[in-house]
Each structure stands twice: as C-alpha cells, then as structure tokens.
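Each remark here refers to the structure printed beneath this line.
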Amino acid sequence: MSKICIVSSHSPYSSTSVRDGIESLLVAASFDMDASLLVLGDGILQLLNKQAPESLPQKNTGSLLQALEIYGVESIYVCEQDLVDRGLTQDDLILTPTIISRSQVPSLLQEQDSILNF
C-alpha cells in the first residue's frame, strides 16, 4: 500500500490551500492509500474546535476535517512546539492528533512514498 502524507502549514482561511490539502487527503484515502496529515506552524489553527468563519467567503474547514475519520484517515500529526508556541493544548483541537516533536518530523516524512505540501 502506498503511503502519502499531506503537510499543511497554512492558517485555515488565508487561501484555498488548506481545503485543497484536506480534499487531496480524502481522495487518497478513498483510493485505499495509507494517507496521513502532518500539520505544522500556523496550520495548527485549522484544527481549532471553535471556528466561526461565517463572515468569510470560505466554508468552515472543521466539518471537512471531521470527515477524515469516515474515510479511514487515522494518522494525524501535530508538532508539539507549534501547540506550545500558540498557547494551545490538545483539548483546543477538533481532532485528537498524535503529538510529535520537531525532531520526529524528518523520520515521519522519510517513511512516506509521496509528500504533498499545502
């Protein structure tokens, strides 16, 4: 089974890249690929559980992220330092990701057959 990792490092409503990344992840999972999501930097903000983008011209990414479980995407990773830098804890997130250290990121990516950055 081919392993693909989507790396998302943009804030949720700065562009369409976050939505594009999540949709790519869902497509990969629907084709029975071993799909994972690595959220880095400001990308952590897309996982916040209390988003209210009603006044923005984009849809809430939270509902799209909740579809990951339906598609069988279980490997979701967040860098611990990114949480700390933003004063967040796992309780602030809509999903329950695996929290990894910054030093674990290269080995995680090295295990992948494909990496797509969004």
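No value in this document is a laboratory result; all are computed from the given coordinates. This structure is a prediction, so every number in the text was calculated from the model and none was measured. We place every Cβ from the backbone using ideal geometry, glycine too, and count neighbours over all the protein chains shown.
Highest GNM mean-square fluctuation, the chain, Cα pairs closer than 10 Å: which of 25, 95, 38?
95
Pull up all non-local amide H partners of residue 115: gap of 5 or more, or a different chain, and H-to-H distance under 5 Å with H placed in the peptide plane.
Those lying under 5 Å, H to H, from residue 115 are 5.
Do you know the relative contact order of segment 3-117, to the nearest whole percent, from alpha carbon pairs under 8 angstrom that are 6+ apart?
34 percent
Hey, with R₀ at 41 Å, roughly what FRET efficiency would residue 86 and residue 111 work out to, going by the Cβ-Cβ distance, to 0.05? Write down the numbers at each step before the final one.
Working: r = 26 Å, r/R0 = 0.65.
The value I calculate is 0.95.
Hey, in the GNM for the chain with a 10 angstrom Cα cutoff, which one of 100, 76, 22 fluctuates hardest?
Per the Cα network of the chain with a 10 Å cutoff, 100 tops the list.
Quick one: length gained pulling residue 64 to residue 100 fully straight, 0.36 nm per residue minus the C-alpha distance?
Value of the extension gain: 10.7 nm.
Please list, short to long, the whole-number percent of alpha-carbon pairs of segment 3-117 in consecutive 10 angstrom bins beginning at zero.
14, 50, 32, 4
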